[in-house]
Amino acid sequence: MSEQLKGFIHSITVQQLNVFSIRILQKGHLLAHWDRDKDQRRVQHSISKSFTSMAVGLALEEGLIHLDATLSDYFSYDQVPSAQRNLPSPQELKLRDLLRMSSGHDSPPLWADERASLTEKDWAKYYMSLPLDRVPGEQFTYSSGDTFMISAMLQAATGQTVKDYLTPRLFDPLGIHDVEWETSPLGVTLGCAGLWISNEELSRFGQLLLQEGFWEGRQLVPADWIRQATSQQIETTGDGDWGKGYGYQFWMCSHDAYRADGAYGQLCIVIPSKEAVICINSEEENMQGILNAVWNEVLPLYTQR
């Protein structure tokens, strides 16, 4: 199955990109795959965010939450004065702005290193103790803390952790069982990171996205939500595929594609025009290098069909 991927394998080898696994699908069929060793469950880092987005879509459909819900609707910590006059308090942050990472922090809270060293066990309380630096909703700043707060809001709204909420609604129907997803000290699903699945399991998620939430005769996630989440909701200023815009916990890509991605080269790329899904698992900082190899060596495999 790796014969078609010779160009990709050569490219990542020459560049010394530490890729473990790639799977490419079209119209729901596996076209090719390659594993350096064997495909196994690995932490997906920020791909976790895109699964959390699915929980939002389901909770919206069930009427348990709405996009203009604010943190103060679910948490009653003391009001924090703003860093500048005329700026709102963190309590006024809306779910919509957390989803598109426009919360108004110059230094986003709850990065991995900070989470590891934080003495405050109530991470929602800590997040809401930090004043905003600018008006929410106007500027993108990538923030794992924003996604953690989405997870905390969902737990307050549904009465379940995001992991438990998604298990019967998403994981079980996709055949992804016994999921491990890391939590905060108080047991809140991280949401922003910490989900462990295999690349093959990730490819099922990608196919679900391509099919706009439809899976084996059932609409698991509302199609309209997937269309919203995977469309640009805010501009980004990064280089290459990080400058194409951001949706609701998804990145926009070159070639009219979109992706879930996680640090060190976890990638779930969906190309609707090709009915294509490309999933990659790595331990590699040069993620744009991996994406370039996809565009140069994998994308042409679809145009030939």
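The values are calculated or read from the model by the stated rules, or taken from the named source; none is laboratory data. Every value quoted in this text rests on a predicted model; they were computed, and no experiment measured them. For neighbour counting, all protein chains shown are included, and Cβ atoms are generated from backbone atoms with ideal geometry for every residue, glycine included. Just the protein is used for accessible areas: all its heavy atoms, side chains included, with ligands, DNA and RNA removed. Shrake-Rupley method; radii C 1.70, N 1.55, O 1.52, S 1.80 Å.
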| note | All-but-one check, Val270 against (1) open to solvent by 10 Å² or more (accessible area, probe 1.4 Å); (2) at pLDDT 95 or above, failing number (1)
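So, in region 14-48, of the ones that are of a type in the set (Lys, Arg) and closer than 22 Å to Pro272 by Cα, which residue ends up most open to solvent (accessible area, probe 1.4 Å)?
Within region 14-48, the match that is most open to solvent (accessible area, probe 1.4 Å) is Lys27.
Being among the hydroxyl-bearing types (Ser, Thr, Tyr), in contact (Cβ under 8 Å) with a residue 40 or more places away in the chain and over 19 Å from Gly238 (Cα atoms) is the requirement here; does Ser129 meet it?
Details: among the hydroxyl-bearing types (Ser, Thr, Tyr): yes; in contact (Cβ under 8 Å) with a residue 40 or more places away in the chain: yes; over 19 Å from Gly238 (Cα atoms): yes.
Yes, satisfied.
If you check Phe51 against the conditions, is it under 19 Å from Ala260 (Cβ atoms), assigned to a helix (DSSP H, G or I) and open to solvent by less than 60 Å² (accessible area, probe 1.4 Å)?
In short, yes.
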| query | If you take the residues of region 151-177 that are of a type in the set (Val, Ile, Thr) and assigned to a helix (DSSP H, G or I), which of them is least open to solvent (accessible area, probe 1.4 Å)? | reply | Val162
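Quickly run through region 179-214 and pick out the residues that are farther than 24 Å from Leu267 by Cβ and either open to solvent by 70 Å² or more (accessible area, probe 1.4 Å) or of a type outside the set (Gly, Ala, Ser) (or both).
Thr183, Pro185, Leu186, Val188
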| query | Is region 59-81 home to any residue that is outside any loop (DSSP other than H, G, I, E, B), of a type in the set (Gly, Ala, Ser), closer than 30 Å to Glu283 by Cβ and within 24 Å of the chain's Cα centre (by Cα)? | reply | no
| remark: Residue pairs within 6 Å by beta carbon, gap of at least six or interchain, first lying in region 1-14 and within 17 Å of Glu283 (Cα to Cα), second surrounded by 12 or more Cβ atoms within 10 Å (Cβ to Cβ), listed first then second, are Phe8/Ala293; Phe8/Glu297; Phe8/Val298; Ser11/Ala293; Ser11/Glu297; Ile12/Val19; Ile12/Ala293
| note | All conditions in (1) surrounded by fewer than 17 Cβ atoms within 10 Å (Cβ to Cβ); (2) more than 20 Å from Ala263 (Cα to Cα); (3) of a type in the set (A, V, I, L, M, F, W, C); (4) modelled with pLDDT under 95 are true of Leu67 except (4)
| field | Some residue of region 53-65 being touching a residue at least 60 places away in the same chain (Cβ under 8 Å) and touching a His at 6+ places or on another chain (Cβ under 8 Å) | value | yes
| note | The condition of being open to solvent by 10 Å² or more (accessible area, probe 1.4 Å), in contact with a Phe, Trp or Tyr (Cβ under 7 Å, 6 or more places away or on another chain) and touching a residue at least 12 places away in the same chain (Cβ under 8 Å) holds, among Phe140, Phe75, Phe148, only for Phe140
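A quick yes/no check of all residues on (1) at positive phi; (2) among the basic types (Lys, Arg); (3) within 15 Å of the chain's Cα centre (by Cα):
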site: Met101; (1), (2), (3): yes, no, yes
site: His105; (1), (2), (3): no, no, no
site: Lys125; (1), (2), (3): no, yes, no
site: Thr158; (1), (2), (3): no, no, no
site: Leu166; (1), (2), (3): no, no, yes
site: Leu190; (1), (2), (3): no, no, yes
site: Leu209; (1), (2), (3): no, no, yes
| query | In this structure, does Thr237 turn out to be within 24 Å of Leu95 (Cα to Cα), surrounded by fewer than 18 Cβ atoms within 10 Å (Cβ to Cβ) and either in contact with a helix residue (DSSP H, G or I) (Cβ under 6 Å, 6 or more places away or on another chain) or hydroxyl-bearing (Ser, Thr, Tyr) (or both)? | reply | yes
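Would region 98-115 turn up any residue that is of a type in the set (Ser, Thr, Tyr) and closer than 15 Å to Met153 by Cα? Steps first, please.
Initial filter on region 98-115 (of a type in the set (Ser, Thr, Tyr)): 102-103, 107.
Okay, now just the ones that are also closer than 15 Å to Met153 by Cα, so 103.
Within region 98-115 (the criterion being of a type in the set (Ser, Thr, Tyr) and closer than 15 Å to Met153 by Cα), the answer is yes, since at least one residue qualifies.
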| task | Name every residue in region 206-263 that is of a type in the set (Ser, Thr, Tyr) and either at pLDDT below 95 or within 21 Å of Arg23 (Cβ to Cβ) (or both), in order of residue number. | result | Thr230, Thr237, Ser254, Tyr258
| query | In this structure, does Ala276 turn out to be open to solvent by less than 20 Å² (accessible area, probe 1.4 Å), touching a residue at least 24 places away in the same chain (Cβ under 8 Å), of a type in the set (Gly, Ala, Ser) and farther than 21 Å from Tyr142 by Cβ? | reply | yes
